[in-house]
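Presented below is the structure to which this report refers.
None of the figures in this text is laboratory data; all of them are computed from the coordinates on show. Note that the structure is a prediction, hence the values are computed from the model and not measured. Glycine also receives a Cβ, built like all others from the backbone with ideal geometry; neighbour counts cover every protein chain displayed.
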Amino acid sequence: MPEGPEVEIVRIGLKDVIGQKVIKVKISDNKKYSEQQKQLNLLKSSEIEKIDRKGKFLLWFFNKRGVTYAALNHLGMTGVWHLYTNHIWNSFASPFEHFKHYKLYFQLSNGDHLLFSDVRTFGQFKIHDPKLILELKSISTLGPDILDLPFKTELFIKRIRGKHNNRTVEIGKALLNPAIVAGCGNIYKSEALFVAKINPFNPVNKISDKKLQKLGVALSRVGQLALKNKGTTLRDYSHVDGYPGLMQNELKIYGRKEESCSSCKSIIKANKQGDRTTYWCSNCQK
């Protein structure tokens, strides 16, 4: 699943569509989108004003003759935005057959073609009242973002203590709660815990504030490295221009089961934690 850094790279890659007018809208017959047909068609003749990011969500804002429309966009597991010039688009014999998993398509006023595809259909692009979109629970409850500079470590500790101090929730599970830290996800959770040398299976109420401060630094460091390397491509994720990320080449622990730890040369372990797999070094992470 694309995490915060990947979604931010997508947002940056979409900068050229800002200010463009939507000339044509095409919606797939997938129920999640077809049942919004009336609302999505309202975007025709609107101008794309801005695209913001909150955690793993993109917030789109459109203006049509002074009326603002907003959409909440989540990439899910396999959602990808594609942006093509008219020349490249027309090189496809049948574009919508080529992108058979497309869900939403915009033709833009500069001739470009913008298409959202999603193989597994866990993503979304849903119209909301622009005055209320920031009040949606999925947005208003988000914790400090992994890409915040500086990272809001005090808020991170407050959130994790407030929700988990009296419980035996493992730190590896807690970091997947977006109300504690937004945009982290399973990959960067494993990486940050390795950098901070914290056992992912330790309960939160047994971890000192000093160690949590160290973890806050690690989360920020890992997030910025992922951003610098244009995100992690393990299977589906790609930039708007179709290129993969490079962060997978920089991962120290994630996906490296039975390889030697880069720090101590012990064998890296992979254990189930909830419904996810956590990678860790039992020698380095105490």
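Tabulated results
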{"read-out": "D (Stokes-Einstein, µm²/s), Kirkwood Cα radius, region 13-85, 0.890 mPa s at 25 °C", "value": "185 µm²/s"}
{"read-out": "Choice from 216, 79, 162 showing the highest fluctuation, given a GNM over the chain with Cα pairs closer than 10 Å", "value": "162"}
{"read-out": "Total charge dipole magnitude, region 139-206, about the Cα centre, Cβ charges on Lys, Arg, Asp, Glu only, Debye to nearest 20", "value": "300 debye"}
{"read-out": "Inter-part distance where region 1-62 and region 182-210 are each reduced to a Cα centre, Å", "value": "33 Å"}
{"read-out": "Largest-first principal axis extents of the Cα set of region 1-160 (Å)", "value": "54, 33, 29"}
{"read-out": "Cα-based reach from residue 44 at 22 Å (exclusive), listing lysines while leaving out same-chain residues under 8 positions away", "value": "15, 21, 24, 26, 31, 32, 64, 103, 126, 131"}
{"read-out": "In order through region 133-139: 3J(HN,Hα) via Karplus (6.51 cos²θ - 1.76 cosθ + 1.60), integer Hz, x for Gly, Pro", "value": "4, 6, 8, 4, 4, 5, 9"}
{"read-out": "Mean residue ellipticity (222 nm) of the chain, computed from DSSP H runs ≥ 4 via -39,500 (n - 2.57), nearest 500", "value": "-7500 deg cm²/dmol"}
{"read-out": "Tilt relative to the chain, helix 4-13 - C-alpha long axis, 0 to 90 degrees, to 10", "value": "30 degrees"}
{"read-out": "Simple Cβ-charge dipole of region 37-182, Lys/Arg +1 and Asp/Glu -1, about Cα centre, in debye nearest 20", "value": "560 debye"}
{"read-out": "Centroid-to-centroid separation of region 111-140 and region 229-286 [C-alpha atoms, Å]", "value": "28 Å"}
{"read-out": "Sorted by Cβ density within 10 Å, fewest first, the residues 92, 57", "value": "92, 57"}
{"read-out": "Inter-probe distance in nm under a simple model that places probes 7 Å from Cα toward Cβ, at residue 15 and residue 68", "value": "2.3 nm"}
{"read-out": "Calculated on alpha-carbon atoms, Rg and Dmax of region 84-192 in Å", "value": "19.9, 60"}
{"read-out": "In range of the label at residue 126: residues from region 79-100 whose backbone nitrogen is under 17 Å from the point 7 Å along Cα→Cβ", "value": "79"}
{"read-out": "Projected label distance in nm at residue 49 and residue 234, using a 7 Å step from Cα toward the beta-carbon", "value": "3.8 nm"}
{"read-out": "Lysine-lysine proximity count for region 175-240, Cα under 24 Å, sequence distance 8 or more or distinct chains", "value": "14"}
{"read-out": "Shape parameters for the chain, alpha-carbon atoms, Rg then Dmax in Å", "value": "20.4, 63"}
{"read-out": "Protection proxy ranking, peptides 243-250, 265-272, average beta carbon neighbours within 10 Å, highest first", "value": "243-250, 265-272"}
{"read-out": "Ranking of 87, 128 by count of other Cβ atoms within 10 Å, fewest first", "value": "87, 128"}
{"read-out": "Cα gyration tensor shape of region 139-220, rounded if a/c is under 1.5, else prolate or oblate by comparing a/b with b/c", "value": "rounded"}
{"read-out": "Residue order, fewest to most beta carbons within 10 Å, for 191, 154, 47", "value": "154, 47, 191"}
{"read-out": "Simple Cβ-charge dipole of the chain, Lys/Arg +1 and Asp/Glu -1, about Cα centre, in debye nearest 20", "value": "940 debye"}
